[in-house]
Structures are given as C-alpha cells and as structure tokens.
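Reading through the structure tokens given below for one structure.
The values are calculated or read from the model by the stated rules, or taken from the named source; none is laboratory data. Note that this is a predicted model, so its numbers are computed, not measured. Methodologically, a virtual Cβ is constructed for each residue, glycine included, from the backbone with ideal geometry; neighbour enumeration extends over all protein chains shown.
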C-alpha cells in the first residue's frame with residue numbers, strides 16, 4: 001500500500017515539473033477559451049467577420065502549464081489568393097504599428113523583454129506589434145506578432161499571454177523569438 005502511494009506521489013511530482021499542455025484547433029472557439037487571452041488578444045487578432053474571402057484558415061489555441069506557471073497562445077493563419085493577400089498585407093502597415101528596436105528588460109541590462117522585433121520562421125517574416133495606449137500589450141507578458149509569407153500568400157496573427165514571464169531567450173540564443181514561437185505556439189509554420 002505504501003509503495004502505491006509513493007508511485008502516485010512520484011507521478012504527480014513528475015507531471016507538476018514537466019507540465020501539461022492542451023490545444024484546440026476548432027475555429028468555433030476562436031477567442032473564446034475562457035481565459036484572459038480572449039480579451040487581451042482582441043486588440044490585435046482580427047475579427048473573423050471582418051476578414052475578406054480567404055482560401056483557407058487555421059486556428060490554434062494552446063494552453064501550457066508547469067506547476068503554478070501558465071501560458072496561453074493563439075494563432076490564426078489565413079491564406080488568400082494573390083490579389084487579396086497583397087491587399088491585406090498592405091492594410092497591416094495602416095492598422096498596426098510595429099516595433100523598430102529591441103525592448104530592453106527593466107531589471108537586467110543583459111536581457112530583453114523582446115530580443116528581436118523582426119524574425120523569420122521558414123517562409124514567414126514576423127514583426128512584433130508595438131505597445132499603444134489602447135492595447136493590452138505588456139512586454140513580454142502579453143503581446144502580439146504578425147507574420148507574412150509571400151510563398152504561401154498567408155498572414156499569421158499570433159498573440160501570447162503569460163503574466164509570469166520575465167524575459168524571452170537567453171544571452172547567447174541565436175534565434176530567440178523564433179525559438180519562443182516554436183515553444184509556445186503549437187503550430188508548424
């Protein structure tokens with residue numbers, strides 16, 4: 001009996017340390033996860049009803065937890081025909097303001113809240129959306145990114161939320177933002 005309790009405690013400990021994750025790709029649940037990310041992301045993520053006609057749309061909500069730390073991420077990837085893609089890409093610069101430099105950490109000069117304001121993953125080029133007074137952006141805890149792919153005629157809208165995160169990447173990381181997206185967004189770009 002004692003051995004059984006020890007095994008249960010060991011399994012619970014391992015789950016707490018390694019963490020758990022859940023994800024959903026049901027577009028019906030878009031910005032309707034019941035978490036803080038739903039309201040925060042509405043500043044950056046598009047309203048589905050406002051999108052022009054598209055060829056394909058993919059959605060991915062990911063919740064990761066490790067012990068008491070939790071993170072949420074949302075990805076919406078929209079594929080268009082050539083003409084619509086160019087039109088929607090041109091609208092991005094009018095609708096959003098993007099960072100033009102790294103965002104330094106407030107507490108450690110060797111670290112960054114946002115170590116790269118522009119980065120690539122495969123055929124996508126991503127830009128980090130800048131803070132504005134109307135948004136819920138709080139680097140690195142809650143912020144959005146938008147990626148475009150000429151090859152796929154696709155626009156990827158990403159939003160991340162983790163109020164325990166203090167910085168992104170380590171001092172010697174070569175691609176900290178790309179690694180960050182690969183780790184927190186359960187989507188294959």
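The residues in the stretch 51-83 that are surrounded by 14 or more Cβ atoms within 10 Å (Cβ to Cβ) and in contact (Cβ under 8 Å) with a residue 60 or more places away in the chain can be counted, and the count is 15. Of all residues in the stretch 80-114, those satisfying the criterion of being in contact with a helix residue (DSSP H, G or I) (Cβ under 9 Å, 6 or more places away or on another chain), closer than 22 Å to residue 160 by Cβ and at pLDDT 95 or above are 98, 114.
Going by the structure shown, is residue 37 at pLDDT 90 or above, within 22 Å of residue 139 (Cα to Cα) and in a helix (DSSP H, G or I)?
On the way: at pLDDT 90 or above: yes; within 22 Å of residue 139 (Cα to Cα): yes; in a helix (DSSP H, G or I): yes.
So residue 37 passes the test.
Residues in the stretch 177-189 that are part of a loop (DSSP other than H, G, I, E, B) and free of Cβ contacts under 8 Å to residues at least 60 places away in the same chain: 188 only. Looking only at residues of the stretch 126-176 that are modelled with pLDDT of 95 or more and more than 16 Å from the chain's Cα centre (by Cα), we find that the one that is nearest to residue 45 (Cα to Cα) is 154. Could you go through the stretch 161-176 and let me know if any residue there is surrounded by 19 or more Cβ atoms within 10 Å (Cβ to Cβ), touching a residue at least 12 places away in the same chain (Cβ under 8 Å), assigned to a strand (DSSP E or B) and in contact with a helix residue (DSSP H, G or I) (Cβ under 9 Å, 6 or more places away or on another chain). Checked against the condition, which is being surrounded by 19 or more Cβ atoms within 10 Å (Cβ to Cβ), touching a residue at least 12 places away in the same chain (Cβ under 8 Å), assigned to a strand (DSSP E or B) and in contact with a helix residue (DSSP H, G or I) (Cβ under 9 Å, 6 or more places away or on another chain), the stretch 161-176 yields at least one hit. Scanning the stretch 20-32 for residues that are free of Cβ contacts under 8 Å to residues at least 40 places away in the same chain, closer than 14 Å to residue 75 by Cβ and out of contact with any helix residue (DSSP H, G or I) (no Cβ under 9 Å at 6 or more places or on another chain) yields a total of 4.
Here is a check on your reading of the model: is residue 3 at pLDDT 70 or above and assigned to a strand (DSSP E or B)? Walk me through how you get there before you give the answer.
Working: at pLDDT 70 or above: yes; assigned to a strand (DSSP E or B): no.
Judged against the criteria, residue 3 is not a match.
Counted as qualifying within the stretch 93-153 are the strands (runs of 3 or more DSSP E) with 3 or more residues that are touching a residue at least 12 places away in the same chain (Cβ under 8 Å) and more than 25 Å from residue 79 (Cα to Cα), namely 112-114.
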